[in-house]
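Q: First the structure, then my questions, so here it is.
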Amino acid sequence: MRRSLKVAVASAATLAVLGPIGWFWQASRVPATYDMAEMGYADFGGGPASGHHHASGGTSVASLTSPSGVAPDVAVTLTARRDGSRYTLNGQTPGPVIHAVRGQLVQVTLVNANVPDGVTLHWHGVDVPNAEDGVAGVTQDAIGPGRSFVYRFVVPDAGTYWYHSHQVSDAQVRGGLFGALVVSGDAVASDVDQVLAVHTFDGRRTLNGVPGVSSLSAAPGRVVRARLINTDSGPLRAWVSGVSSFRVAAVDGRAVVGPSDISAKSVLVTAGGRVDLLFAAPGRVDVGAGAALASAGLAAGVQPPATLDLLTYGTPAPLGFDPAAATRNFDYRIGRRIGFLDGKPGLWWTINGHEFPDVPMFMVSTGDIVRMTISNSSGEVHPMHLHGHHAVVLSRNGAAATGSPWWFDSLDVGDGDTYVIAFVADNPGIWVDHCHNLKHAADGLIAHLAYTDVTTPYRVGGPSHNRLS
Ligand code: C2O
Ligand code: CU
């Protein structure tokens, strides 16, 4: 073959290979600015498609606020600062614990002192009105340096919650831009109430920012409520030693019905999730990597290999709705494949076989009973978190839930697992439904639950450089 012909054949072959790749690359590029509601495709879950307005008409997210003109019961100002890879709120990390009583109106003024990428606050687990949800690019614009934003919401349910930035959240939460929110007023009785926000800073696991063992001051026999909050991106296992038994009093801000005594078991706390443990002092709660809360002189017990299964823990109680009467049925199938995400080659997450941003928009109407089947064949665990709603677990891998209603906002979905969950669509808005391994969310494991008549004036990207996760 003549040299020029060889070259021609070679380049034709190259083109045949690279041409489609180039097309996939091009097709994967995410526009610099876009309306989340215009991306991907609507999935109506077998329900009516009517009333799905795009950019025009309908209710704006921005109007879904708490009543104005009412004085707040709790008012807090939080000033966010960045110092290298560290982030603080009012000069500390975690930020101050916010305390409120169920039904109170909480007002938080977020001030951005110097965070270049901008900040927001999301009230993880609190079913707030949509405009207060803190998702940059969907429910508000990121708050740039020198600016501030006021959040106002009623805390409808007692329990353990947390707040964190939802702008460039992987870096900001990892760097410390978070804090605990405790809403009192449930029926769980205790003498000592202890928040335990678990976070790994630069490879060191901490409790409320403190590595190693923190001391528990509770007289013998006093009942301790330890509110574990997993603010990391992976699951943690906690265990209690020095006691004959303990209980799980609440999960994700919902009291467990009829919790029985537990011994020789660890408790899994999914990323973003909360578990409230109840035990009589003296005792010791370990969360791994040497971080613990302990009564004086109590050494670490061995971590029990068995893990408590919430599918069968506690006693059944009415859900308040009938999942069998579901009006929408969705699949949230998590996979992984080689491809391009925004022009970058890699192994990317898929949702129902689609890669971000070509992912489903789960469409509902107010009052719908929603069933969702979440399955994971991606090779890794995903802590799935739906904003604005609490859902209940109906089954895992075909085994029905038989314990207390397992309400959650953050669910550890292991590789190979399938959960059927249900909830009532009772909080209009556009809500993120994503993996709380925040790196995974940033890599596209993020979808939305959207009410058919709700639109958003906010844009991902744009002048505020809003980032979805
Ligand atoms: Cu705690 Cu969308 O996050
Ligand atoms: Cu994930």
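The values are calculated or read from the model by the stated rules, or taken from the named source; none is laboratory data. Please read these numbers as outputs of a predicted model, since none were measured by experiment. All Cβ positions, even for glycine, are placed from backbone atoms using ideal geometry, and neighbour counts span all protein chains on display.
Q: Output yes when any residue across the stretch 298-309 is in contact with a Ser or Thr (Cβ under 7 Å, 6 or more places away or on another chain), modelled with pLDDT under 95 and not in a strand (DSSP E or B), and no when none is.
A: yes
Q: Further, regarding this structure: For D261, work out the one condition from (1) closer than 23 Å to L311 by Cα; (2) surrounded by 20 or more Cβ atoms within 10 Å (Cβ to Cβ); (3) not β-branched (V, I, T) it doesn't fulfil.
A: Tallying (1) closer than 23 Å to L311 by Cα; (2) surrounded by 20 or more Cβ atoms within 10 Å (Cβ to Cβ); (3) not β-branched (V, I, T), D261 fails exactly one: (2).
Q: Is there a residue in the stretch 172-181 that is in a helix (DSSP H, G or I), touching a Ser or Thr at 6+ places or on another chain (Cβ under 7 Å) and touching a residue at least 40 places away in the same chain (Cβ under 8 Å)? Let's see the steps before the verdict.
A: Keep residues of the stretch 172-181 that are in a helix (DSSP H, G or I), which gives 172-174.
Right, trim to touching a Ser or Thr at 6+ places or on another chain (Cβ under 7 Å) and you get 172-173.
Next, from what is left, pick out any that are touching a residue at least 40 places away in the same chain (Cβ under 8 Å): 172-173.
Looking through the stretch 172-181, at least one residue is in a helix (DSSP H, G or I), touching a Ser or Thr at 6+ places or on another chain (Cβ under 7 Å) and touching a residue at least 40 places away in the same chain (Cβ under 8 Å).
Q: From the residues in the stretch 398-440 that are of a type in the set (S, T, N, Q) and farther than 14 Å from V381 by Cβ, which one is nearest to ligand 1 (Cβ to nearest atom)? If you could, list the steps in order and put the result at the bottom.
A: From the stretch 398-440, those of a type in the set (S, T, N, Q) are 402, 404, 410, 418, 427, 437; that's our starting set.
From what's left, farther than 14 Å from V381 by Cβ: 402, 404, 427.
Values: T402: 29, S404: 24, N427: 15 Å.
Taking the candidates together, the pick is N427.
Q: Continuing with the same structure: Name the residues in the stretch 166-190 that are more than 16 Å from ligand 2 (Cβ to nearest atom), in contact with a Leu (Cβ under 7 Å, 6 or more places away or on another chain) and closer than 19 Å to R204 by Cα, would you?
A: L177, G179 - these are the residues of the stretch 166-190 that are more than 16 Å from ligand 2 (Cβ to nearest atom), in contact with a Leu (Cβ under 7 Å, 6 or more places away or on another chain) and closer than 19 Å to R204 by Cα.
Q: Here are some residues: V150, V188. Which one is touching a strand residue (DSSP E or B) at 6+ places or on another chain (Cβ under 9 Å), part of a strand (DSSP E or B) and among the β-branched types (V, I, T)?
A: Values: V188 fails: part of a strand (DSSP E or B).
One residue alone meets the criteria, V150.
Q: Which of the residues spanning the stretch 443-469 are at pLDDT 95 or above and of a type in the set (A, V, I, L, M)?
A: Step one: list which residues in the stretch 443-469 are at pLDDT 95 or above, which gives 445-451.
Once the filter is applied, which keeps residues that are at pLDDT 95 or above and of a type in the set (A, V, I, L, M), the stretch 443-469 yields L445, I446, A447, L449, A450.
Q: Moving to a separate point now. Just need a number here: residues in the stretch 249-272 that are assigned to a loop (DSSP other than H, G, I, E, B) and of a type in the set (A, V, I, L, M, F, W, C).
A: So the first thing to find is which residues in the stretch 249-272 are assigned to a loop (DSSP other than H, G, I, E, B), and the list is 252-253, 256-261, 263-265, 270-272.
Subset that is of a type in the set (A, V, I, L, M, F, W, C): 256-257, 264, 271.
Of the residues in that region, 4 qualify.
Q: Select from the stretch 331-362 the residues that are farther than 15 Å from I446 by Cα and surrounded by 15 or more Cβ atoms within 10 Å (Cβ to Cβ) and list them in ascending order. Working first, answer last.
A: Filtering the stretch 331-362 for residues farther than 15 Å from I446 by Cα gives 337-340, 343-347.
Listed by number, the residues that qualify are G339, F340.
Q: Could you grab me the full set of residues in the stretch 376-410 that are within 17 Å of the chain's Cα centre (by Cα) and small (G, A, S)?
A: The answer is G388, A391, S410.
Q: It is to be established whether one or more residues within the stretch 143-153 are touching a Gly at 6+ places or on another chain (Cβ under 7 Å), of a type in the set (K, R) and under 30 Å from A187 (Cα atoms).
A: Looking through the stretch 143-153, none of the residues is touching a Gly at 6+ places or on another chain (Cβ under 7 Å), of a type in the set (K, R) and under 30 Å from A187 (Cα atoms).
Table: residues versus (1) out of contact with any Pro (no Cβ under 8 Å at 6 or more places or on another chain); (2) outside the structural domain of A422 (by TED's automatic domain parsing); (3) closer than 22 Å to D412 by Cβ; (4) at pLDDT 95 or above.
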site	(1), (2), (3), (4)
N329	yes, no, no, yes
I334	yes, no, yes, yes
P345	yes, no, no, no
T350	yes, no, yes, yes
G353	yes, no, no, yes
M361	yes, no, no, yes
S377	yes, no, yes, yes
V393	yes, no, yes, yes
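Q: Check off (1) touching a Gly at 6+ places or on another chain (Cβ under 8 Å); (2) over 30 Å from M39 (Cα atoms); (3) within 16 Å of ligand 1 (Cβ to nearest atom) for V108 and give me the number that stays unchecked.
A: Failed condition: (1).
Q: Mind listing just one residue for me: the one in the stretch 363-384 that is within 16 Å of ligand 2 (Cβ to nearest atom) and of a type in the set (V, I, T) and, of those, surrounded by the fewest Cβ atoms within 10 Å (Cβ to Cβ)? If you could, list the steps in order and put the result at the bottom.
A: Filtering the stretch 363-384 for residues within 16 Å of ligand 2 (Cβ to nearest atom) gives 374-384.
Keeping just the survivors that are of a type in the set (V, I, T) gives 374, 381.
Details: I374: 23, V381: 20.
Once the filter is applied, the top-ranked residue is V381.
Q: If you take just the strands (runs of 3 or more DSSP E) that sit entirely in the stretch 385-469, which of them hold at least 3 residues that are more than 14 Å from ligand 2 (Cβ to nearest atom)? Quick ask: steps written out before the conclusion?
A: Numbers: elements: 391-396, 410-413, 418-424, 430-435, 446-451.
In the stretch 385-469, the matching strands (runs of 3 or more DSSP E) lie at 391-396, 418-424, 446-451.
Q: Counting only residues that are in a strand (DSSP E or B) and touching a residue at least 60 places away in the same chain (Cβ under 8 Å), which one in the stretch 211-227 is nearest to G179 (Cα to Cα)?
A: We begin by selecting, within the stretch 211-227, every residue in a strand (DSSP E or B); these are 211, 213-215, 223-227.
Filter once more, keeping what is touching a residue at least 60 places away in the same chain (Cβ under 8 Å): 211, 213-215, 226-227.
Working: P211: 17, V213: 20, S214: 18, S215: 20, A226: 16, R227: 13 Å.
Of everything passing the filter in the stretch 211-227, R227 is nearest to G179 (Cα to Cα).
Q: Got a sec? Which of V240, V223, V287, V256 is β-branched (V, I, T) and under 19 Å from V392 (Cβ atoms)? So that I can check it myself, show each step before the final result.
A: Working: V240 fails: under 19 Å from V392 (Cβ atoms); V223 fails: under 19 Å from V392 (Cβ atoms); V287 fails: under 19 Å from V392 (Cβ atoms).
Answer to the selection: V256.
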